Amino acid sequence: MYMVKMMKIQILSVLFLASFVRGSDVRNVVEVKTPTGWVRGYEEMVDDKQVFRFIQIPYAQPPVGELRFQKPRPIEKWENVQGISNEQSTGCSQWYYPIPGTEEMKLDEDCLFLNIYVPGGISTDRNLSVMVWIHGGGFVNGAGTQYNPVKLASKGDVIVVTINYRLGLLGFFTMNDPLAPGNYGLWDMIEALRWIQNNIAAFGGNPNSVTIFGQSAGAAAVSLLPLIPSNKGLFQRAISQSGMVFNQAFSTRETEKKTMDLLLERTDCKGQEDIARTLKCLREVPVENITNAITFMDMLIPLNLSIEAGGFLPSIDGELFKENMGYPKSFDDDRYKLFRSIDFMSGTADGEGNVLFMSLTPEIQELYNFNVSEKIPARVLCEMNAPVYVDSAVGNVPELSQEICDFYSTTEGTDAQSNKVCEFYADYFFIVPSNTLLSIHAKDNKKTNSFQYLLTRKSPVLFFGDPPSWFKGAFHGDELPLLFDTSRIIPVSEETLQSLEKENELSETVIRYWTNFAKSGNPNGEKVPEWPSYDVSSKKYVIIDKPIKTGENLKTEATELLSRIIEKGRQRLYHDEL
């Protein structure tokens, strides 16, 4: 009987091995033979629809011991069946920060896992489109299984894959040497995409219809991956949600040196004879001593909210990136060739500036004599935010700082001014970079599609707590509950669950948009309002709210102002390189 079953497995790649009952929920176990080895999955029912989840599948060798601070190595074929029944997969070791969803998360340095969610029955004949989720968290926090995509998979009829990648110093520490070049977290993402290319067909997925999508730092990664020519063929579409490559997206040599000196001092690895011996020392340090050695507070420049984040951000390593990709060039520059060959969607929330008011420390509030729950005065913009931004782009140019101050100042009252201060942060960090990259993608491009959205619908899930009464707009991350079950990030009350149910219609619309795009490169289709494509003349976009609306020329004046400053920065960078 066993041999008969094995023959059937060889033919079908899938065998339903067992079923068991938990309450009234009957769940099946399934095993799939992939080119790398057997994996085990478990059935989950979503509104009477079947989804199989395969949790904690290794896509690379454990990045431990000699493989710490190295590119990931491809996983070797395994003999034991992979996959766990527990929905909460292991996350990558990370600096502890008391944000919702991290307290109960199991963390380990051996963390290069992915999770696969397949709707309906599994068959190699299905050829389903694949969506690969890259989580956010500032490149220092988070994990793939914090985002449960069963709703997205079942309603959209796509395979969804969520991935882990190395974070913080373990993911981005660099010594600017071939022995420790940095960008390990990005290499992890690339290795995960390679594994998907080689194995997803066994689950019924189409390796030629892969969409990468992510939010915040994950979205920044999604915008970076198409700027790496060697990634050609790993994906055909990309969706960046509230995150984009921009001029501050890369660490600097100065901050990388500061990070290295601090890490070596705090791990007693300072004073070694050479880089090889230094790395040997670092690889023998307990992982928690690495993750806790340096925090953002160590890198924070006092009283200006600027973070010298060398070792926590992508770096110019000479291989993946030979220059700062955050300074845009002409749309026909060679570095955009792969990017312009894929379909691209990008969007933001209208209240991304909530990230700013959350970051205003008691020291800053005391210095500028305000309480963030009541207001943010124009002085914070004019004396801190604008000068810091300008300095990062072009150096100390007071007239440019004053121009920003004038542009974002208003006489319409304290609440309006507070929102304008947050608006500047949202514009330079999220919206203007999104506009810029969309225009680069769309200009004279008839081969692939460009789409933009603006989220204005506030979520009942308060990831960041109650906002000040004066704050207007949808928060950074407010689209996530429309796509995922996010209860692993923040538990929700019964009242919030009831509020979420009222968003079901909008959620289904967003899921259709996202999955239509994943299947065809176009979000339009049946049962959704028309979403106009983005072009460089009218710059049309869809407004995600109730009801769905459309707009055009999002933040044109702000884009012109900040793009002019960034162009000066690019020219300065080019001059310095000469």
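Using the Cα centre as the reference, give the magnitude of the dipole from point charges on the C-beta atoms of region 492-578 (Lys, Arg: +1; Asp, Glu: -1; all else neutral), rounded to the nearest 20 debye.
In debye, rounded to 20, region 492-578 gives about 380.
How large is ³J(HN,Hα), in whole Hz, for each residue of region 40-52 in order, when computed from phi with the Karplus curve 6.51 cos²θ - 1.76 cosθ + 1.60 and θ = phi - 60°, using x for Gly and Pro?
10, x, 10, 7, 9, 9, 10, 6, 6, 10, 8, 10, 9
Under 5 Å between amide hydrogens, which residues at least 5 positions from GLU323 or on another chain qualify, with H placed 1.01 Å from N in the peptide plane?
none
Magnitude of the Cβ-charge dipole of the chain, K/R +1 and D/E -1, about the Cα centre, nearest 20 debye?
Charge dipole of the chain: 1940 debye, to the nearest 20.
If you take the Cα Rg of region 2-299 and divide it by 2.2 N^0.38 Å, with N the number of residues, what do you get?
1.05
Can you tell me what share of the DSSP beta bridges in region 2-299 is antiparallel? A percent to the nearest 5 is fine. List each step's numbers first, then the result.
Values: 32 of 51 bridges.
Expressed as a percentage, antiparallel bridges in region 2-299 total about 65.
Report the Cys residues of the chain lacking a disulfide-compatible partner, meaning no second Cys Cβ under 4.7 Å from their Cβ.
CYS422
Just from its helices, what would the mean residue ellipticity at 222 nm be for the chain, if runs of 4 or more DSSP H residues each count -39500 (n - 2.57) and the sum is divided by every residue, rounded to the nearest 500 deg cm²/dmol?
Value at 222 nm, helices only: -9500 deg cm²/dmol.
Charges on Cβ only, +1 for Lys and Arg, -1 for Asp and Glu, centred on the Cα centroid of the chain; of GLY121, LEU227, GLY465, which one is farthest towards the dipole's positive end?
It is GLY121, whose Cα lies furthest towards the positive end.
Tell me which of SER330, VAL210, ASN141 sits at the most positive position along the dipole axis of the chain, charges placed on C-beta atoms (Lys, Arg +1; Asp, Glu -1).
About the Cα centre, the residue reaching furthest to the positive side is VAL210.
Using modelled amide H (1.01 Å from N, peptide plane; none on Pro or chain starts), what sits under 5 Å from the amide H of ASN28, excluding residues fewer than 5 places away?
Hits under the 5 Å cutoff: GLU43.
Counting other beta carbons within 10 Å of each residue's own, what order do ARG488, ARG379 fall into, fewest first? If you can, show how the numbers build up before the last one.
Details: ARG488 18, ARG379 15.
Fewest-to-most ranking of ARG488, ARG379: ARG379, ARG488.
Where a ≥ b ≥ c are the square roots of the eigenvalues of the C-alpha gyration tensor, would you call region 487-578 rounded, which needs a/c under 1.5, or, failing that, prolate if a/b is larger than b/c, or oblate?
Prolate is the answer for region 487-578, as a/c is 1.5 or above and a/b outweighs b/c.
Just how many % of Cα pairs in the chain lie over 34 Å apart, if you round to the nearest whole percent?
The answer is 40 percent, as a whole percent.
Could you calculate the contour length gain from ILE84 to GLU501, that is, 0.36 nm times the residue separation minus the distance between their Cα atoms, to one decimal place in nm?
Contour length minus Cα-Cα distance gives 147.1 nm.
Quick one: order SER315, SER346 by neighbouring beta-carbon count within 10 Å, fewest to most.
Starting with the residue having the fewest Cβ neighbours, the order is SER315, SER346.
Taking a cut-off of 12 Å between Cα atoms, list the aspartates and glutamates near LYS555, but don't count ones fewer than 8 places away on the same chain.
ASP350, GLU423, ASP427
Name the residues whose placed amide hydrogens come within less than 5 Å of the amide hydrogen of SER93, ignoring near sequence neighbours (fewer than 5 apart) on the same chain.
The answer is ASP108, GLU109.
Near SER315, within a Cβ-to-Cβ distance under 11 Å, what is the net charge of the other residues, with Lys and Arg +1 and Asp and Glu -1?
Combined, the nearby Lys, Arg, Asp and Glu give -2.
Since every read-out is calculated from the coordinates, none of them should be taken as a lab result. In this text, all values refer to a predicted model and were calculated from it rather than measured experimentally. Every residue, glycine as well, gets a Cβ built from its backbone with ideal geometry; the counts of neighbours run over all protein chains shown.
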